1. Which order results if B:I121, B:I509, B:I548 are arranged by neighbouring Cβ count within 10 Å, fewest first?
2. Relative contact order for region B:168-357 using alpha-carbon pairs under 8 Å, separation at least 6, rounded to a whole percent?
3. Share of antiparallel DSSP beta bridges in region A:4-212, in percent to the nearest 5?
4. Label chain B by shape, choosing from rounded, prolate and oblate, from the square roots a ≥ b ≥ c of the eigenvalues of the Cα gyration tensor; if a/c is under 1.5 it is rounded, and otherwise prolate applies when a/b is larger than b/c, oblate when it is not.
5. Can you give me the distance in nm between label points at A:S120 and B:E402, each placed 7 Å from the Cα along the Cα-to-Cβ direction?
6. DSSP beta bridges in the protein assembly as shown, what fraction antiparallel, as a percent rounded to 5?
7. Rounded, prolate or oblate: which fits region A:1-118, taking a ≥ b ≥ c as square roots of the Cα gyration tensor eigenvalues, rounded meaning a/c under 1.5, else prolate when a/b beats b/c?
8. What FRET efficiency do you get for B:N440 and B:Q9 if R0 is 22 Å and r is their Cβ-Cβ distance, rounded to the nearest 0.05?
Amino acid sequence: MKETMFIDPQRCIGCRSCVSACRECDTHKGYSMIFVDYIDRAETTATMPTVCMHCSEPTCAQVCPADAIKMNEDGVVMSALKPRCLDCRNCVNACPFGVPKYNSAMHLQMKCDMCYDRTSEGLVPMCASVCPTGAISFGTYEQIVPLRRTKPVNAHVFGNQRVETKVYLMLPTDEDEVTVDGCGVFEGRVAVGSKETKTEGSWIDTQVEESDSRNEF
Amino acid sequence: MSKVQHLEQIIELYGPHLHDEPYGGWQAGRVIDRVVPTHCPYCGIQCGMNLLVSDEHVVGFEPRYDFPVNEGKLCPKGVTAYLQTHHPDRLLYPLIKRNGNFERASWDEALDLVVSKFKEIQSKYGKDAIGVYSGSSLTTEKTYLMGKFARAGLGTRYIDYNGRLCMVSAAAGNNKAFGIDRAANPWTDIPMAEVLILAGANCAETFPILNKFLWQQRDNGGRWIVIDPRETPTARQGDLHLQLKPGTDVAVANGMLNVIIREGLIDEEFIRNRTNGWDDTRAIVERFTPEISAQISGVSAEKIIQAGLLYGRAKTGMIMHARGIEHHSHGVDNVLSYINIVLATGKIGDPGRGYGTITGQGNGQGGREHGQKADQLPGQRSMLDPEHRKYICEFWGLPEDELPQAGVSVVEMFDKMREGEIKGFLSICNNGMVSLPDTNNIRRSLEGLEFNVNIDFFMSESSRYADVVLPGTSWAEDEGVTTSAEGRVVKINKAVDPPGEAKQDWWIINEIARRMGRGKYFQLNTPREIFDELRNASKGGKADYFGITYEKIDKQDGVFWPCPTQEHPGTPRLFDNKEFYHPDKKAKFHPIEYFGADEKPDDDFPLILTSGRVVYQYLSGNQTRRIGFLVQQCPEPYVEIHPETAQKLKINDGERVKVISRRGEGVFPALVVRTIRPDTIFIPYHWGEELAANQLTNPKLDPTSKIPEFKACAAKIEKIHSRELPILGKGRKGASLSEVQRGK
């Protein structure tokens, strides 16, 4: 499969069409594997979609004690294999992008698998099919990149960790890498189930972060 | 008398309840019996979609990649639209209200009651004592039938439609300037425009799929000028944001045109040869220097100059607007002030050079063409033109003296209910208790009726006031055409039969007419038969559908009207030859003076309240407030307040506050955001009863279009001193799906 995903955050209008459509993929069983977050609603309407970046050396697979997370020949990192998944949530906590979620009802990790049931049949993933603006696009590098005025970047630096991904971020930048500051240090996330509300930012952000910090379906 | 006595019981029985699963639950590998290509039931873009049918239920959708407008793309409303079809709240049989309770009735019983009451009222008070209120989310066949039903079936002059709350200012402006009411260019012209002016159009939330074309234009190096009091996602993504005070659109438009004149960027040849009325317009516009415009609008003079230069200097460019400039007591003026810019620069009638209103409702265009408007007959003909009246009467075989005179707009119709002139009421495809201004007055109108019939497929806030509720169909259970915002006539296809005893709306209307003794005018037994009659009725009118057939629509992925003959391919771009639809084939300038909103802020009500939409809800929400996913994303209205204003009033983000206008008050959680002007607050309007933004809005009408002023009224905010109120919105569970799914 030559095609991959291109995520262009500046085009995102925050409609969450992708989030609703992701549920329709047969293998997702009504769960959405994609997240759209406000960056800071008090200041701006900007939003950011997050799909699995499909790392060439996936951290989630590396930390899995049961070898339940497999990458297929197309470089797509799959959801955990149900018979092997130990409910340990190592992957959920280790992923630098915060993508995998734990499904407590099904005792299973679930994540974006680039709609493998669709792409393996030559269909476009649901999120990229419905996205109104092309903030999420699916195609080959040659199809997508020449049409855009943004630069494709697929190397991310999180503190000491450098990650290369199958999925590209399209950014208005000259940089070859995305560097995320402050990642070498454990900053203390909001504890699971914490009732503590933040004092800054909009209540919409607070609600989003509270629910997402549990990393669970 | 039709008061709502047992509200809790009605809600328990008929919702809104949240539903969020396909028929039979989420299943992998379901056998799909057939795939039905159709269109989305919601906005004016009319995206193509495929409905998946299994075991005679719609169980999902598949992107319709081969439909050229949206190429498979859908917004979250479109993605979840199919969940309506088997929703547990669906109305499955006729209901008659007895002692305040809705009781199941047979069709015969319900229809006979309707007919006997209508006859009684008309014999007591005259034919015009019945009012009919229709809508533009119906197929064009049904909208045609509603107009004919009121005039030839009931013989009443009082019919209007909910496009009165939507597109009428644009329609009136277009008719005045161009002599025809349709967007001038197809969407495919957008990517060819160097500069787009988007005035009062939050495209990101209200026309998500239009963003496909907007971003294609951007990818080609195009620029956007966005004019909006809020920094909407569209305004944020644009190049230049003119964040004006609500109601000051004329000042901004005249200011830009002033710059264009001053810089010599007008097209004098076009003005001379193709237009009338330039001198008067120029005289007024010359008074609107950027400084004066800035003073009125609150937009800096520099930005007005930049915008004027950007659009004026570009070879190609398009101006598009939506409800933001149209929902005003000077909505038509606002529209005309932008059309003046189009005409002065001659940017019309070529690829990438054009103009259009972005029509809101699914069939907002088709629904305003074929005679359900108070003053209109099929084919955009006029009730006031003796020739037009004669033509339609002959076509219908109706004696001319039986055709009533023109009626009044819907807001005025509700006034006439309170005044006692209208005693009986039939409504279909609308929800006035949410969408009309000053809902407390609307409630009084409905409560005072002698007899009230409502046709819908979900019990709306307005259905609750009815004496008889008749179950109609959702869009997936009937066929017919709609006309999208670009003037493309598309075909809605039937996927499944109606649930329970629900009946297609045209059957219900025909049956009432037949039982009223007017059956000879309603020998129409299928949507195809109605369409054939309507396209013949429209023949020779401005909105000429005569050459359009269901087959041609299928073959061409839609047909743009006018399409006068079978051989005609349709007309994607109007004015290609720079000829307009006035008798002299010229376009008209209109000198527009600035008046501003009817109600301006003062010491008692110091803020400007503007209302609008969110991407997750559609219009009055009767369909979307029942879909779990959509409600989880936006469960209740809120009030956007700028941090400076919030600080002055000592209001914290998330705190519930009381918003008060001269007409009513409501309690909403505050969303403190820097994306709105400090002198302006915003509430989305999709909810009813105590959550209705329209408790507060001003019912003042535009003198020409009769559109209410939803977008600007004076208001104030009070802090609530109570420990009992929750700090955060009661339903707000976060904007992430995780919460929804954990609840399962």
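Derivation of every value follows stated rules applied to the coordinates shown; laboratory data play no part. Every value quoted in this text rests on a predicted model; they were computed, and no experiment measured them. We place every Cβ from the backbone using ideal geometry, glycine too, and count neighbours over all the protein chains shown.
1. Listing B:I121, B:I509, B:I548 from fewest to most nearby Cβ atoms yields B:I121, B:I509, B:I548.
2. The value is 33 percent.
3. So the antiparallel bridges amount to about 80 percent of the total.
4. It comes out rounded by the Cα gyration axes.
5. Going by the 7 Å Cα→Cβ label model, 6.6 nm.
6. Bridges in the protein assembly as shown that DSSP calls antiparallel: roughly 55 percent.
7. Since a/c reaches 1.5 and a/b is larger than b/c, the shape of region A:1-118 is classed as prolate.
8. Taking R0 as 22 Å, the efficiency between B:N440 and B:Q9 is 0.45.
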